[in-house]
Amino acid sequence: MIDQTPRAALKLDIAVIGAGQAGLSSAYHLRRLGLEPGRDFLVLDRAPQAGGAWQYRWPSLTLSTVNRVHDLPGMSFAETAGGDASVRAFIAVPQYYAAYEEHFDLKVLRPAGVSVVCDRGERLRIESDRGLFSVRGLINATGTWEKPYIPAYPGAESFAGRQLHTRDYISAKQFAGQHVLIVGGGISAIQLLDEISQVTRTSWVTRTPPRFREGPFDEEAGRAAVALVEERVRAGLPPCAVVSVTGLPITPAIVAMRERGVLDRRPMFSAITPEGVVWEDGTRLAVDVILWCTGFRSALDHLAPLQLREESGGILMSGRLATRVTRDPRVHLVGYGPSASTIGANRAGGAAARELTQYLGLAG
């Protein structure tokens, strides 16, 4: 029997959905603008504890192997985590986030899974497993971890081996004695290729030839890369990955992989067979495991009733750092498009907080 008892919604000015880098940065800036956590705004987080997607990363990922952990505004990561580069990232970063939430008293409600956001005239209604919320504005910071992407290929269902995504990876030891096919050309693909190739046989395929970046990646280069992604979302196009613009940095690990012959990349196959994969010219490769390092998509299904997407499939964005949804300026997306990187998320959180409070007449 369905419970049809009317439920009252807690009224707030703003809700922040997600407590990763982008969500915590947004909450910090909302507080700096004079809004009180738990009274004027509330952060809802699906995860059972602090840490965003970092708490789910594979155990072998240490602070020395991550691309970079950027400071949240107002509190140094180094001071919290210490200087030991061997510390596992899935432990150190969540501890930092937890300390950050406590230090600034951000009052994150968790676990609080949001199922849907609906338009209710002048307000937005948020339905979650922790109750209903009625807000005037929304900063969405749900990231991508909940939406792993695996492209469709003919014959995928016939494969007799195992197929996994990056988010399923635990350690290279689980593949000992097996032939593992790594699919993807991003930073995670390179890291896992490096680890697994030291334990067992690997092959590597990418859709396009990988582009390795020589020389330092300074702030100017970073801004240029982000600008190219921002250009897409300002045109209402689906965002591309920042790494597709920046290229892969040549690290000592990559040099060692080249020397071991691990980076002998093949073009993308055309179909999957029960034994492995096959290319258009009929070449076949037998493998035991296909590891899809093919990235993630933005976790925005709960916003579907708001009809924010354009015919192109993207969301038309505006505002100083392209966080404001043009179709509904009450909604800001951070950790989306140009702000998907950790450093971009910090700046985007500040811009979204300022623009949304001004739009709602909350700015002092």
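Numbers for the structure displayed
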item: Of all residues making up segment 278-299, the number that are of a type in the set (Gly, Ala, Ser) and more than 25 Å from Lys147 (Cα to Cα); result: 2
item: Number of positions in segment 319-364 that are more than 21 Å from Arg136 (Cα to Cα) and in a helix (DSSP H, G or I); result: 9
item: Any chance Thr166 is in contact (Cβ under 8 Å) with a residue 12 or more places away in the chain, within 30 Å of Ala353 (Cβ to Cβ), surrounded by 18 or more Cβ atoms within 10 Å (Cβ to Cβ) and of a type in the set (Val, Ile, Thr); result: no
item: Cross-chain or 6+ apart pairs with Cβ under 7 Å, segment 184-208 first and over 17 Å from Gly276 (Cα atoms), then assigned to a loop (DSSP other than H, G, I, E, B) and aromatic (Phe, Trp, Tyr); result: Leu192/Tyr169
item: Residues (buried (at least 24 other Cβ atoms within 10 Å of the Cβ), of a type outside the set (A, V, I, L, M) and on the phi > 0 side of the Ramachandran plot) located in segment 305-351; result: Gly335, Gly337
item: All positions within segment 183-200 that are in a strand (DSSP E or B) and modelled with pLDDT under 95; result: none
item: Subset of segment 309-318 (residues that are in a loop (DSSP other than H, G, I, E, B) and hydroxyl-bearing (Ser, Thr, Tyr)); result: Ser312
item: Condition met for Ser203 (over 22 Å from the mean Cα position of the chain (by Cα), assigned to a strand (DSSP E or B) and among the hydroxyl-bearing types (Ser, Thr, Tyr)); result: yes
item: Segment 42-96, residues that are at pLDDT below 75, assigned to a helix (DSSP H, G or I) and among the charged types (D, E, K, R); result: none
item: Segment 136-182, subset in a strand (DSSP E or B), of a type in the set (A, V, I, L, M) and out of contact with any Lys or Arg (no Cβ under 8 Å at 6 or more places or on another chain), residue nearest to Val114 (Cα to Cα); result: Ile139
item: Near pairs, Cβ below 6 angstrom, 6+ apart or cross-chain, from segment 324-339 (of a type in the set (A, V, I, L, M)) to any residue that is surrounded by fewer than 22 Cβ atoms within 10 Å (Cβ to Cβ) and assigned to a loop (DSSP other than H, G, I, E, B); result: Val325/Leu308
item: Residue match in segment 38-47 (condition: without any contact (Cβ under 8 Å) to a residue 60 or more places away in the chain, over 24 Å from Leu300 (Cα atoms) and of a type in the set (Lys, Arg)); result: yes
item: Some residue of segment 263-284 being aliphatic (A, V, I, L, M), surrounded by fewer than 20 Cβ atoms within 10 Å (Cβ to Cβ) and touching a helix residue (DSSP H, G or I) at 6+ places or on another chain (Cβ under 6 Å); result: yes
item: Hits in segment 235-275 (condition: assigned to a helix (DSSP H, G or I) and modelled with pLDDT of 75 or more); result: Pro252, Ala253, Ile254, Val255, Ala256, Met257, Arg258, Glu259, Arg260
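Conditions (1) touching an Asp or Glu at 6+ places or on another chain (Cβ under 7 Å); (2) basic (Lys, Arg); (3) within 25 Å of Arg167 (Cβ to Cβ), marked per residue:
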residue	(1), (2), (3)
His302	no, no, yes
Gln307	no, no, no
Gly314	no, no, yes
Met317	no, no, no
Arg327	no, yes, no
Gly335	no, no, yes
Ala345	no, no, yes
Gly350	no, no, no
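The values are calculated or read from the model by the stated rules, or taken from the named source; none is laboratory data. Quick caveat, the model's predicted, so the values are computed rather than measured. Cβ sites come from the backbone with ideal geometry, for glycine too, and all protein chains shown count toward neighbours.
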